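The values are calculated or read from the model by the stated rules, or taken from the named source; none is laboratory data. These numbers were taken from a predicted model, which means no experiment stands behind them. Here the Cβ is made from the backbone with ideal geometry for all residues, glycine too, and neighbour counts use every protein chain on show. Side chains are part of the model used for accessible areas, which takes the heavy atoms of the whole protein and leaves out ligands, DNA and RNA. Shrake-Rupley method; radii C 1.70, N 1.55, O 1.52, S 1.80 Å.
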Amino acid sequence: MEKSVEVRFPEDFCWGAATASYQIEGATTEGGRGPSIWDTFVAQAGTVLNGDTGDTAADHYHRFREDVRILQQLGIGNYRFSIAWPRIQPTGTGAANAQGLDFYEQLVDTLLAAGIQPWPTLYHWDLPQELEDAGGWPERDTAYRFADYTELVAERLGDRVSHWWTVNEPWVVANLGYATGEHAPGRRDHAAAAAAIHHLLLGHGLATQRLRSVVAEPSCAVGIALNPQPIRARTSSVADLDAARRIDGTRNRIFLDPLYYGRYPSDVCADLADVTDFSFVRDGDLATIASRLDFLGVNYYNSALVEAAPAGQDPDNAVPLGHTGVRDVPRPVPRTDQDWEVDASGLTELLTRITVDYPETALYVTENGASYRDEPTANGEVHDPQRLAFLDSHIRATHAALEAGAPVRGYFVWSLLDNFEWAFGYRERFGIVYVDYSTQQRIVKDSGHWYSGITRTGRLPAGSDTPDPANSSG
Ligand code: GBH
């Protein structure tokens, strides 16, 4: 166990917790909500572990007041949630469904009354099914539909919401949704995934402009939440370094370069020549995509180590967008119960790297957390020492980035509640609050009580005897 030093965050550092609509709301047929691609996907056999669906989830649609009360009791002053597009436009186009807007207005008003700042995400993966039927994100029109939907939301909530996230993790949407098929809509077409990347970025840019036209600045600040990842090479051989360059290209730079500099990296375009010719890019698109970002959201789970793979030995689908000749190298490091490697140092590396390569934008860690499958004890407590240690080490890594000069302004834990973890269903538990899915009872886990202390004081005490996740037993 390592002795840690005290770290103090600035007074105005933003502490928060995050969720997403389909993962917590349930009530998928209530309030005039239309079907989304996730409703369709989960209904197909073999897509989600144990056949789980988001039909009920954490029943947040009916229990949001209780969930806001929990945030308030924990002293968490910022809440990142997402708005379900099919609640606002059940078929993805046309007039707003008033009940959908009412729901989010009530949520926002309840948050504000509790002294909690709302940080809505406009797209966290629940595309209206009709838009997928018309081609989905590989189709250019979807970007324009996203801007129209954004306008409807901004008109209703713009007078009381001052921070907006457009799209959550376009890498996941494009690659898992359209290339590997692990997520909705379950397509497996690398060229379609490449077009989806561009239209997600275009949708982000159009929505950013639309927000600013509806809501007067400065009360309207906009960003995008990416899931960039530090990519390390196993050795410094030319082959391994080149493998890392290629993955860094499609994981990170294919998003960051157009957002910051209005261009796709030429090496990435060359790497993808067999997949796409980028003919979906039209005049003016890149300027739209490069609309000023007020902040950048960084969702961080871990880093990756890659190496060049001998021809024919790269595993199926391991590398999206049709890359071949690269493979992931497993490392002898602690893993979460979901088998994800834990590497807090990667978060410091990522935040400082972004600061060097894409400077001058406020950074927020918009998601960070881990799945450990702890269950309540007989007396109804949930002890989750590994999650607590995970959060402790990553909040320290965030502080290290701040000390090193990265403009990090906030940290949102993923997640407030245990929830529907996409293809893994309810087996994985990311919450700092436990959810009993048979009773919908909420229990604040040890990590939640601990995080509450951090949010109130803005500091992590010295030598807090947080166990090393490697050595602690769950
Ligand atoms: C986010 O996605 C989502 O925004 C959120 O909805 C979700 O619930 C949360 O994270 C937890 O999954 O096997 O070690 O290589 C995360 C995207 C992409 C992060 C795949 C982890 C693989 C880990 N993820 N990545 S590993």
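Within the shell defined by Cβ-Cβ distances under 15 Å, the residues around V268 carry a net charge of -3, with Lys and Arg each +1 and Asp and Glu each -1. Annotation: the antiparallel percentage among DSSP beta bridges lying fully within the chain is about 25.
Report the calculated FRET efficiency for Q99 and T324 (r = Cβ-Cβ distance, R0 = 35 Å), to the nearest 0.05. Spell out each step's value before the answer.
Working: r = 48 Å, r/R0 = 1.38.
With R0 = 35 Å, the Cβ-Cβ based efficiency is 0.10.
Would you please classify the overall shape of the range 214-291 from the alpha carbon gyration tensor, given that a ≥ b ≥ c denote the square roots of the eigenvalues, rounded means a/c under 1.5, and beyond that prolate means a/b larger than b/c while oblate covers the rest? Cα axes put the range 214-291 in the oblate bin. I need the Debye-formula profile for the chain: one equal scatterer per C-alpha, no solvent, reported as log10 I(q)/I(0) at q = 0.08, 0.09 1/Å, two decimals. Each listed q maps to, in turn, -0.44, -0.56.
When you filter the trypsin sites (Lys or Arg not before Pro) in the range 404-467 for DSSP loop state and at most 14 other Cβ atoms inside 10 Å of their Cβ, you are left with R427.
Across the range 264-390, Cα pairs under 8 Å and at least six residues apart give a relative contact order of 27 percent. For the chain, the solvent-accessible area works out to 36 Å² per residue, with a probe of 1.4 Å and every protein chain left in place.
Taking each residue as 0.36 nm, the span from R459 to R140 lengthens on full extension beyond its C-alpha to C-alpha distance by 110.2 nm. Take 183-192, 129-138 and order them by the average number of nearby Cβ atoms within 10 Å per residue, most first; the result is 129-138, 183-192.
Out of the DSSP beta bridges found with both residues in the range 332-474, what percent are antiparallel (nearest 5)? Please list the in-between numbers first.
Numbers: 5 of 9 bridges.
Bridges in the range 332-474 are about 55 percent antiparallel.
With R₀ set to 41 Å, the beta-carbon distance separating N50 from A216 gives a calculated FRET efficiency near 0.30. Accessible surface of the chain, 1.4 Å probe: 48 percent of it comes from carbon and sulfur atoms.
Our Cα-only numbers for the range 1-89 put the radius of gyration and Dmax at 17.7, 54 Å. Placing a label point 7 Å from the Cα of D133 along the Cα-to-Cβ direction, the residues of the range 38-60 whose backbone N falls under 13 Å from that point are 40. Set the Förster distance to 30 Å, then compute FRET efficiency between R373 and R69 from the Cβ-Cβ distance, nearest 0.05. Efficiency for this residue pair is about 0.70. Every helix of 4 or more DSSP H residues in the chain counts as -39500 (n - 2.57), and over all residues that averages to -11000 deg cm²/dmol at 222 nm.
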